[in-house]
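To start, the structure under review is shown below, and the notes come after it.
All of the numbers you see were taken from the coordinates with simple rules; none came from a lab. Predicted model only: the values in this text are computed from it and were never measured. Counting neighbours? That spans all protein chains shown, and the Cβs are built from the backbone with ideal geometry, glycine included.
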Amino acid sequence: MRTGYRIALAALGAAFVAAAQPAAATEYVEVLGRIENLSYQSTNDPDDLLGHGWMTARLHVVKVVGAKRLPRVVLVRYFGHAYYREGRKMRFKLMRGDDGVFLVCAERGASGLRCP
């Protein structure tokens, strides 16, 4: 009977330690925010009739979905053939780039950066 208590206490202790550790850092974060477009850089593909390119913008974060914290304004880059509408609150999935600029993940079926 005592062995059963020891096993139960060991399992309870392991669960407590696991809960006390911070969640694993993720490279993706979902936010609600408003876009302020800054610049456009064309891909210069002669076969691209729509004129796809990389847009740079400021994202004014209204709410972070999940536990990750972000500054109120972050620099983002996204791929497309038109700017996002400014001033409208939208939901974005972001991936942190190597240079500190966040990349906007494309929605399913859209062209752009694919994120899981």
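Of all aspartates and glutamates in the structure, the ones whose alpha carbon falls short of 17 Å from that of K68, not counting any fewer than 8 places away in one chain, are E27, E30. Between L50 and E107, what FRET efficiency follows from the Cβ-Cβ distance if R0 is 22 Å, with the result rounded to 0.05? With R0 = 22 Å, the Cβ-Cβ based efficiency is 0.85.
Both numbers refer to the Cα atoms of segment 28-104; Rg and Dmax are 13.0, 43 Å.
Neighbour counting of Cβ atoms within 10 Å sorts the residues K93, K63, K68, fewest neighbours leading, into K63, K68, K93.
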